[in-house]
Amino acid sequence: MKAVDAEGSISRAAKQCNISFRRAWSYLNSAEKNFGIKLLDRKKGGAGGGRSTLTPEARRLIEKFDLLSHDTGRYASKRFEDLFRR
C-alpha cells in the first residue's frame with residue numbers, strides 16, 4: 001500500500017516491489033476482503049493510464065501496522081537481551 005501511495009499506480013508499485021501486477025492486485029483485493037474495508041480508490045487506465053490512491057481507512061491501517069511493527073521490534077529486542085545477554 002505504501003508503494004501504491006508513492007507511485008499512484010498498482011502497476012508501478014508492483015514493479016517497485018518486484019512482484020507481478022496480478023499478484024499485487026490479488027494481495028490488495030484479498031486485504032480489502034479480509035479487513036472488510038476499501039483500501040484503494042481506483043481509476044481504470046486508458047490512454048493516460050490509471051490512478052490509485054489510498055483511502056483514509058488504508059492510511060489508518062498503515063499507521064496501526066507501523067505502530068505494531070515498532071512495538072514488536074522493541075519487545076523482541078528486549079526479550080533477546082533478557083534471554084541471551086544475562
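Here, each number is a calculation from the coordinates, and none is a lab measurement. These numbers come from a predicted model, not from an experiment. Quick reminder, even Gly has a Cβ in these numbers, built from the backbone with ideal geometry, and neighbours come from all protein chains shown.
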**OP:** Would you kindly derive the ³J(HN,Hα) couplings of region 27-40 from the backbone phi angles with the Karplus curve 6.51 cos²θ - 1.76 cosθ + 1.60 (θ = phi - 60°), listing them in order in whole Hz, with x for Gly and Pro?
**Re:** 4, 5, 5, 5, 5, 4, 5, 5, 7, x, 9, 7, 9, 10
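Suppose a student asked you for the relative contact order of the chain, using Cα pairs under 8 Å spaced at least 6 residues apart; what percent would you report? Mind showing how you got there, number by number?
On the way: 67 pairs, mean separation 21.3, N = 86.
Answer for the chain is 25 percent.
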Original post:
Long-range amide H contacts for Gly50: which residues qualify at under 5 Å (H placed 1.01 Å from N, peptide plane, sequence gap of 5 or more or a different chain)?
Top reply: Gly45
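Work out the length of the dipole vector of region 2-84 about its Cα centre, built from +1 on the beta-carbon of each Lys and Arg and -1 on the beta-carbon of each Asp and Glu, and round it to the nearest 20 debye.
Values: 17 positive and 10 negative charges, 95 e Å.
The calculation lands at about 460 debye.
Work the Kirkwood hydrodynamic radius out for the chain: mean of 1/r over every pair of different alpha-carbon atoms, inverted, in Å. Mind dumping the intermediate values first?
Numbers: mean 1/r = 0.0680 Å⁻¹.
Computed over the chain, the radius equals 14.7 Å.
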Original post:
Residue-wise, which Karplus ³J(HN,Hα) couplings in Hz belong to region 61-75, taking 6.51 cos²θ - 1.76 cosθ + 1.60, θ = phi - 60°, and x for glycine or proline?
Top reply: 4, 4, 4, 5, 5, 4, 5, 4, 4, 4, 4, 5, x, 5, 4
**OP:** Go through Phe84, Leu39, Gln16 and say which Cα lies farthest out towards the positive end of the charge dipole of the chain; charges sit on Cβ, +1 for Lys and Arg, -1 for Asp and Glu.
**Re:** Gln16
Subject >> Proximal lysines to Lys64, defined as alpha-carbon separation beneath 24 angstrom and excluding residues fewer than eight positions away on the same chain >> reply: Lys2, Lys33, Lys38, Lys78
Original post:
When the chain is treated as a GNM, springs tying every alpha-carbon pair under 10 Å, which of Ala76, Ala31, Ala58 comes out with the largest mean-square fluctuation?
Top reply: Ala76
